[in-house]
Amino acid sequence: MSSKPFNDDPEKDGGYGAPSPMSVNSGGQTATLHVEDQQKGLMMSRLVDSFKRDPNASSGARTYKAEDGGFDHEGAAQRTANSGLARKLKGRHLQMIAIGGTGLFVTSGAALSRGGPASLIIAYGIIGMMLFCTVQALGEMAVIFPVAGSFAAYSTRFIDPAWGFAMGWNYAVLWLIVLPLEIVAASITVSFWPGAADTNSAAWVTIFFVLIVSINLFGVRGYGEAEFVFSIIKVIAVIGFILLGIVLNCGGGPVGGYIGDRYWKPNSVLPDYQGYIQNPDAAPGSIVSGPFNNGFKGLCSVFVTAAFSFAGTELVGLAAAESDNPRKTLPTAIKQVFWRILLFYMASLTIVSLLVPYGDSRLLGAGSTDAKASPFVIAIENASISVLPSIMNVVVLISVLSVGNSAVYGSSRTLAALAEQNQAPRILAYIDRKGRPIVSIGIASVFGLLGYVVAGGPKTSSTALNWLYSLAGLSSIFTWGSICLAHIRFRAGWKKQGHSLDELAFRSQVGVYGSWVGFILNCLVLVAQFWTAIWPIGYGSLTSTEIAESFFLAYLAAPVVLLCYFPYKFYFKTPFMRSHNMDLVTGRREHDTAELIEEEMMEKRSWPMWKRAYKYIKEKLKSFQSLGAGTVEFMSALKSLLDYLAPCFNEEEMADMPALERDLSREQSKNLERSFSRIKALAPSRSHPFNPNTPHFRTIAWMLDAILDQLGDFFRKCPDETVGLDPAKANIDEEHKDIRLGERWNTLS
């Protein structure tokens with residue numbers, strides 16, 4: 001009979017009475033197996049417990065209506081401001097959310113086919129400008145009110161609860177529909193490779209469905225990390241494609257020679273790439289070039305495709321409720337949107353328009369639904385470059401999965417926020433101990449099963465997906481217009497209730513005027529889409545049934561929004577929010593000045609030496625813009641700057657300051673260093689203002705003027721990095737400059 005030593009430490013291994021890992025049983029086996037079983041059981045227990053309701057989440061009695069039977073404004077604001085969502089997103093996650101997806105890499109081909117290259121660039125440019133104004137407005141509200149539901153909640157607070165209800169469901173439906181669309185797109189994309197094409201499409205749907213759902217079950221941190229990796233790959237690929245496209249356009253590819261603006265010129269006979277160049281009204285190989293296709297109507301038809309391509313950019317605002325420090329991370333992410341629009345969309349699509357003619361039958365809008373519909377892949381294939389088309393197709397596949405990942409995130413968070421406001425079933429507001437809206441994630445995942453329509457064959461799946469896309473087409477336009485209107489109303493309420501713009505931690509760079517521009521552009525796009533829905537391209541050859549079908553395919557989202565808005569408004573009798581009645585308190589992120597200063601100082605202490613020097617110079621130069629030459633403040637600031645600049649412009653420092661090194665030659669650096677040193681040595685001090693050993697002040701004034709000119713010339717070379725120092729802004733009186741400088745210098749310490 002074997003003896004088993006027992007633990008007497010309740011915190012060790014299995015607790016009291018648990019066999020020690022080093023004990024030996026009668027069979028000669030260690031009790032380590034028992035401990036391993038306990039550990040596995042503990043892990044399983046923790047996994048199960050993680051799905052239980054978060055005990056810290058608000059779970060008390062809920063008021064479904066206000067006392068008068070109307071909408072409960074206060075309760076909705078409280079619950080969205082205090083949701084149990086985990087705040088684990090970092091700044092790098094926010095900056096990489098929803099960068100480029102199917103809309104950019106695949107459906108942009110449909111836009112090129114319908115409207116031509118000029119329509120493609122114009123429409124994407126207008127939508128990009130509209131989106132920039134929208135995201136700026138969203139950032140201002142999201143920094144001060146990082147609440148669950150974001151823009152849907154802002155519509156409820158600042159416009160009308162009924163409109164917030166309509167916008168919330170509009171946005172939730174958008175992403176619920178996008179998930180199966182992306183899963184199907186992924187299954188089509190993978191068929192690019194012959195081996196994968198032989199596999200049943202339903203199998204690929206299953207694989208991609210499980211992958212997307214699994215990522216979201218890891219919580220917001222898992223979603224953020226996956227998006228970060230996906231987006232890094234997309235950024236590298238787009239930059240590489242732009243560089244490759246420039247080379248191909250200039251004739252550097254294996255075939256084709258110089259292309260230039262050939263596809264933009266009308267009446268150009270183009271090479272027939274393997275029989276793909278076609279014109280619906282003529283034989284293959286005929287004239288299919290030109291800046292526009294289908295005239296002004298072709299341009300208007302591109303707007304919705306462009307909006308679908310940009311969809312998801314606003315997710316950065318929705319993610320504010322799960323950011324660890326929205327005041328710090330959100331403004332940076334918002335400012336990056338401009339470069340995202342410029343690089344990811346405008347630059348890449350300009351290259352596409354130069355490399356792919358709009359008459360290519362492989363484009364999605366030309367009737368193609370195969371894996372080669374991406375204009376990015378077509379551009380590389382036309383140059384007969386091997387391997388690269390497959391690599392680009394991998395990027396397209398990653399982009400599709402990325403959007404599917406964002407679809408589950410966006411729909412689940414919106415559904416949970418609607419439930420918090422009692423605008424959706426209460427069960428959807430369930431937040432587990434990992435901060436996941438697990439029930440909403442489950443509902444969003446169920447919609448992904450619609451991806452199995454691919455099993456019905458090409459015709460059935462194409463019809464089903466067209467109707468799903470019709471629901472998603474205009475949703476982004478309604479969402480963006482609502483964000484702009486909410487910001488306009490927020491600014492009105494902010495001013496009416498006695499607040500100043502200085503109290504805002506982040507202000508829209510385009511202000512309330514930018515929101516008006518964004519709102520008006522959204523309305524114009526809705527009008528243009530309505531026109532193309534009533535009188536579609538090829539109207540004369542369509543039957544009445546086809547015209548009706550075309551209208552609902554193009555404008556189905558609008559009646560859905562109206563059906564959500566009016567019944568809710570009449571039932572709850574919701575009023576339009578007046579400026580003086582807006583809730584600007586609940587959920588507002590207060591910014592303690594001392595705390596912000598300490599946070600900023602900690603960040604500055606972590607900067608490398610070159611960045612500290614660079615930021616110091618930049619801040620000092622900014623101060624000169626508001627100071628007149630000859631004033632005490634101007635001279636004091638100048639003297640302080642000169643004291644600091646001399647050691648910063650030697651060769652050792654220059655090696656550590658890449659921005660300055662890029663724009664300033666070694667010889668210029670040495671000249672500036674010598675000039676600064678001479679100024680410091682020759683300038684009279686307060687105790688010896690007229691020291692006989694120093695030169696006449698006219699000389700010093702002249703040297704100061706020269707050094708200002710040198711600084712001005714230098715800083716004008718890099719306006720993006722620094723604030724230009726324009727001597728003309730100093731208001732220097734040339735005739736009396738010497739005297740004024742001399743009089744003021746005596747007062748300096």
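So, of the residues in the stretch 180-225 that are of a type in the set (Val, Ile, Thr) and without any contact (Cβ under 8 Å) to a residue 60 or more places away in the chain, which turns out to be farthest from residue 399 (Cα to Cα)?
In this case the residue turns out to be 199.
Does residue 360 meet the test of being surrounded by fewer than 22 Cβ atoms within 10 Å (Cβ to Cβ) and touching a strand residue (DSSP E or B) at 6+ places or on another chain (Cβ under 9 Å)?
Spelling it out, it is not the case that residue 360 is surrounded by fewer than 22 Cβ atoms within 10 Å (Cβ to Cβ) and touching a strand residue (DSSP E or B) at 6+ places or on another chain (Cβ under 9 Å).
Quick check on my filter: what residues within the stretch 307-321 are buried (at least 24 other Cβ atoms within 10 Å of the Cβ), part of a helix (DSSP H, G or I) and at pLDDT 85 or above?
Once the filter is applied, which keeps residues that are buried (at least 24 other Cβ atoms within 10 Å of the Cβ), part of a helix (DSSP H, G or I) and at pLDDT 85 or above, the stretch 307-321 yields 307, 308, 309, 310, 316, 317, 318, 319.
More than 30 Å from residue 250 (Cβ to Cβ), hydroxyl-bearing (Ser, Thr, Tyr) and assigned by TED's automatic domain parsing to the domain that holds residue 186: which single residue out of 386, 402 fits that description?
402
Working only within the stretch 536-551, note down all residues that are among the aromatic types (Phe, Trp, Tyr) and surrounded by fewer than 15 Cβ atoms within 10 Å (Cβ to Cβ).
Of everything in the stretch 536-551, just one residue is among the aromatic types (Phe, Trp, Tyr) and surrounded by fewer than 15 Cβ atoms within 10 Å (Cβ to Cβ), namely 539.
Does residue 500 fit the bill of being surrounded by fewer than 20 Cβ atoms within 10 Å (Cβ to Cβ) and more than 27 Å from the chain's Cα centre (by Cα)?
yes
Would you confirm, using the coordinates I've provided, whether residue 345 is more than 30 Å from residue 161 (Cβ to Cβ) and outside any helix (DSSP H, G or I)?
It is false that residue 345 is more than 30 Å from residue 161 (Cβ to Cβ) and outside any helix (DSSP H, G or I).
Condition check: surrounded by fewer than 21 Cβ atoms within 10 Å (Cβ to Cβ), assigned by TED's automatic domain parsing to the domain that holds residue 105 and under 24 Å from residue 218 (Cβ atoms). Does residue 427 satisfy that?
When the stated conditions are applied, residue 427 passes them.
Being at pLDDT 90 or above, surrounded by fewer than 16 Cβ atoms within 10 Å (Cβ to Cβ), among the hydrophobic types (A, V, I, L, M, F, W, C) and closer than 17 Å to residue 480 by Cα narrows it down to one of 562, 521, 526, so name that one.
Within the list 562, 521, 526, the selection yields 562.
If you check every pair at least six apart or on different chains, which have Cβ atoms under 6 Å apart with a residue in the stretch 453-481 that is over 26 Å from residue 528 (Cβ atoms) first and a residue that is of a type in the set (Gly, Ala, Ser) second?
Filtered contacts from the stretch 453-481: 453/461; 453/464; 454/187; 454/201; 454/461; 455/202.
Would you check if residue 450 is surrounded by fewer than 20 Cβ atoms within 10 Å (Cβ to Cβ), assigned by TED's automatic domain parsing to the domain that holds residue 344 and more than 23 Å from residue 51 (Cβ to Cβ)?
yes
So residue 487 fits all but one of (1) assigned to a helix (DSSP H, G or I); (2) surrounded by fewer than 23 Cβ atoms within 10 Å (Cβ to Cβ); what number is the exception?
(2)
The values are calculated or read from the model by the stated rules, or taken from the named source; none is laboratory data. Note that the structure is predicted; figures quoted are calculated from it, not measured. Glycine gets a Cβ as well: all are built from the backbone with ideal geometry, and neighbour counts include every protein chain shown.
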